[in-house]
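The values are calculated or read from the model by the stated rules, or taken from the named source; none is laboratory data. Quantities reported herein were computed from a predicted structural model and do not represent experimental measurements. Cβ atoms come from the backbone with ideal geometry, glycine included; neighbour counts cover every protein chain shown.
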Amino acid sequence: MILSVRKHSKSFFALALLTAALFSGAAAHATIAYTISAAHPEQHLFHVEMSIPNVRGEVIVQLPAWNALYQIRDFSGHMERVEATALAGPVAIEKLDKQTWRISGNGAITVRYGTYWDEPGPYATQLNGEHAFINPAMILLYARDRRSEDARVCLRDLPAEWRTTMDAEDTAGARQACSVARSYDALADTPIEAGKFEQFVLPGITPEIRVVVHGDNWKRSRVEEELTRICRYELKLMDGAPFDRYTFLLHIGKGAARAGGGMEHANSTAISVPSDEFLAGVAAHEFFHLWNVKRIRPASLEPVDYTEEQYTRALWFAEGVTSTYGAYTLERSGLWSKQQLYEDLSQQISELEERPAGKWQSAEESSLDAWLEKYALYNRREESISYYTKGQLLGVLLDILIRERSESQKSLDDVLRAMNTEFAKTGKTYRDSLDVRLTAEKVAGGSFEEFFARYVAGTDRLPYGKVLALAGMELREIEHRSAVLGFLADRDANGAVMVGSVDSAGTAAAAGLRVGDVITSWNGGDTPRRVERWVSGQKPGNTLRLHVRRDEKEMDVEFHLGEVRDVRYEVVEMPHPSDAARRIREGWLHGTTSGAATR
């Protein structure tokens with residue numbers, strides 16, 4: 001996810017993991033059928049028909065309240081005119097709450113409705129004149145007590161020049177493509193792209209990995225090379241593929257800049273980036289989710305409840321350690337230099353350390369609070385930390401400690417492979433942080449109870465210096481001084497620059513600047529179009545002279561720019577590490593241990 005949600009019902013978890021892709025062919029048991037019409041795509045309205053067989057008396061249908069992000073987004077707000085009919089006789093439909101309907105009747109019941117979508121990005125659904133991208137959970141109702149039944153979906157009324165990513169396609173007459181999933185949850189985990197896209201297969205990789213690209217601002221040679229390196233490394237690291245076929249659904253350019261990110265699925269990922277320059281970092285993270293979270297899955301996310309928040313303490317591992325491996329993959333596959341890996345690690349440390357909330361919010365608590373991320377106040381550095389950032393750092397520190405304790409015989413790679421064998425391949429879920437700790441202890445041959453108590457469940461400052469030194473690295477602190485304006489400037493509808501807020505403790509407030517003042521002159525000239533850029537080029541103490549209009553009066557306000565100091569961190573190699581530390585560092589950089597290579 002980069003923010004993300006992950007789905008499946010526990011009672012059929014192992015089966016769903018093996019069959020999460022859409023399959024063509026007849027279903028072995030009762031099938032709930034969906035038809036999605038994309039007629040007049042410029043109207044952004046999907047027309048959905050849901051056919052439910054073998055209804056006896058009544059059936060409850062619901063639309064998920066969340067999917068693809070840990071946010072309650074109430075997709076039913078996009079729906080209109082929900083109706084139900086049956087051949088066996090009249091039916092009654094009653095809305096029970098914002099996302100639930102009771103339908104009374106017998107036999108095969110058909111539900112019809114429209115749903116409006118025109119939101120770009122991997123966490124949304126979109127229908128327009130260029131393409132359709134569908135996250136099925138956002139538009140398809142499910143029968144509440146029948147989620148484990150086969151689900152057949154057909155996409156029809158496509159423009160003549162469009163094609164789809166669905167497996168089975170009939171281009172004759174009706175212009176529709178149809179496929180069958182083993183459950184609603186499997187269907188919900190299989191996004192659909194339709195439109196005029198380019199498609200190719202990554203060379204030399206088995207099973208097949210196909211790449212579907214809608215958009216512009218990309219070159220096939222670059223995309224193919226980077227994705228091939230990423231996939232080859234991670235497949236070798238994790239001892240092979242857990243899929244029969246995998247698909248990268250890429251939206252590049254064309255609005256992706258305002259809806260960027262990636263969303264993992266059991267056998268695919270959907271990624272939006274403004275250009276191919278930004279693809280590798282997202283892809284390395286999302287492809288590793290094939291194992292970590294889609295198959296190595298925390299018990300707290302099972303069974304999925306589409307109706308309300310689903311809390312877990314494990315996102316520091318499911319997302320954060322996935323970011324650890326995203327960075328590892330880029331460096332170990334040659335897409336990054338080791339200096340870029342150091343710079344990324346330095347950036348993560350700086351980001352975590354500049355957030356005061358780290359003193360009271362733990363990695364586990366940040367995971368629990370993921371559902372608050374849609375609120376701007378929660379995302380302030382005084383309010384929260386990121387489980388992505390802290391989780392990535394915990395992964396690096398844990399990796400180095402395992403290497404040190406095992407005398408470079410084992411690593412975090414062995415922990416992920418062990419969890420893949422014990423949990424993913426047997427269809428079992430793991431007990432959040434507990435089973436991560438127990439597996440790490442088994443691999444390293446020693447206790448990590450204190451580490452998890454202090455740094456995962458607790459809020460002690462991470463032991464960067466002590467642990468990095470074990471790998472022949474050190475952490476340097478660099479104080480950074482920068483100018484601060486002391487107020488915010490906004491432009492009104494007419495282009496006038498007004499003071500929107502003033503820092504009461506700053507130099508601007510002391511000089512008499514007030515909220516609502518209209519700035520008519522800035523150091524004798526026009527107000528800079530990008531005030532933030534102007535401030536970044538200044539030094540603390542520089543003079544700013546403003547001419548302002550207040551209550552029909554003109555006046556001058558002059559003050560010196562304030563100063564803000566912060567600390568940036570830099571990870572560097574020790575010039576003369578011990579042999580043991582050098583061995584750990586080289587193994588960490590190259591993904592090797594003394595026993596075997598994982599590269």
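Observations on the model:
- Counting only strands (runs of 3 or more DSSP E) that fall entirely inside region 77-142 and contain at least 1 residues that are within 28 Å of the chain's Cα centre (by Cα), the qualifying elements are 79-86, 100-116, 131-134.
- Tallying residues that are over 20 Å from residue 251 (Cβ atoms) and of a type outside the set (A, V, I, L, M) within region 195-227 yields 5.
- Restricting region 254-308 to residues that are part of a loop (DSSP other than H, G, I, E, B) and of a type in the set (A, V, I, L, M, F, W, C), the residue that is nearest to residue 67 (Cα to Cα): 304
- Scanning region 456-502 for residues that are among the hydroxyl-bearing types (Ser, Thr, Tyr), surrounded by 15 or more Cβ atoms within 10 Å (Cβ to Cβ) and closer than 25 Å to residue 522 by Cβ gives a single hit, 482.
- Note on region 439-455: among residues that are buried (at least 17 other Cβ atoms within 10 Å of the Cβ) and without any contact (Cβ under 8 Å) to a residue 40 or more places away in the chain, the one that is nearest to residue 233 (Cα to Cα) is 439.
- Residues of region 166-178 satisfying the condition of being out of contact with any Leu (no Cβ under 7 Å at 6 or more places or on another chain) and either acidic (Asp, Glu) or modelled with pLDDT of 95 or more (or both): 169, 170
- For region 504-540, the set of residues classified as in contact (Cβ under 8 Å) with a residue 40 or more places away in the chain and either in contact with a Ser or Thr (Cβ under 6 Å, 6 or more places away or on another chain) or in a loop (DSSP other than H, G, I, E, B) (or both) consists of 506, 511, 512, 513, 517, 538, 539, 540, listed by residue number.
- Selection status of residue 127, closer than 19 Å to residue 61 by Cβ, touching a Leu at 6+ places or on another chain (Cβ under 8 Å) and not polar (S, T, N, Q): no
- Restricting attention to region 401-426, the residues that are farther than 24 Å from residue 242 by Cα and in contact with a strand residue (DSSP E or B) (Cβ under 9 Å, 6 or more places away or on another chain) add up to 1.
- Inside region 503-550, residues that are surrounded by 11 or more Cβ atoms within 10 Å (Cβ to Cβ) and among the hydroxyl-bearing types (Ser, Thr, Tyr) make up a count of 4.
- Members of region 425-460 found to be charged (D, E, K, R) and over 26 Å from the mean Cα position of the chain (by Cα), listed by number: 441, 442, 449, 450, 454, 460
- Verdict on residue 216 being surrounded by fewer than 21 Cβ atoms within 10 Å (Cβ to Cβ), acidic (Asp, Glu) and at pLDDT below 95: yes
- Screening residue 584 against (1) part of a strand (DSSP E or B); (2) touching a residue at least 60 places away in the same chain (Cβ under 8 Å); (3) not charged (D, E, K, R) leaves a single unmet condition, (1).
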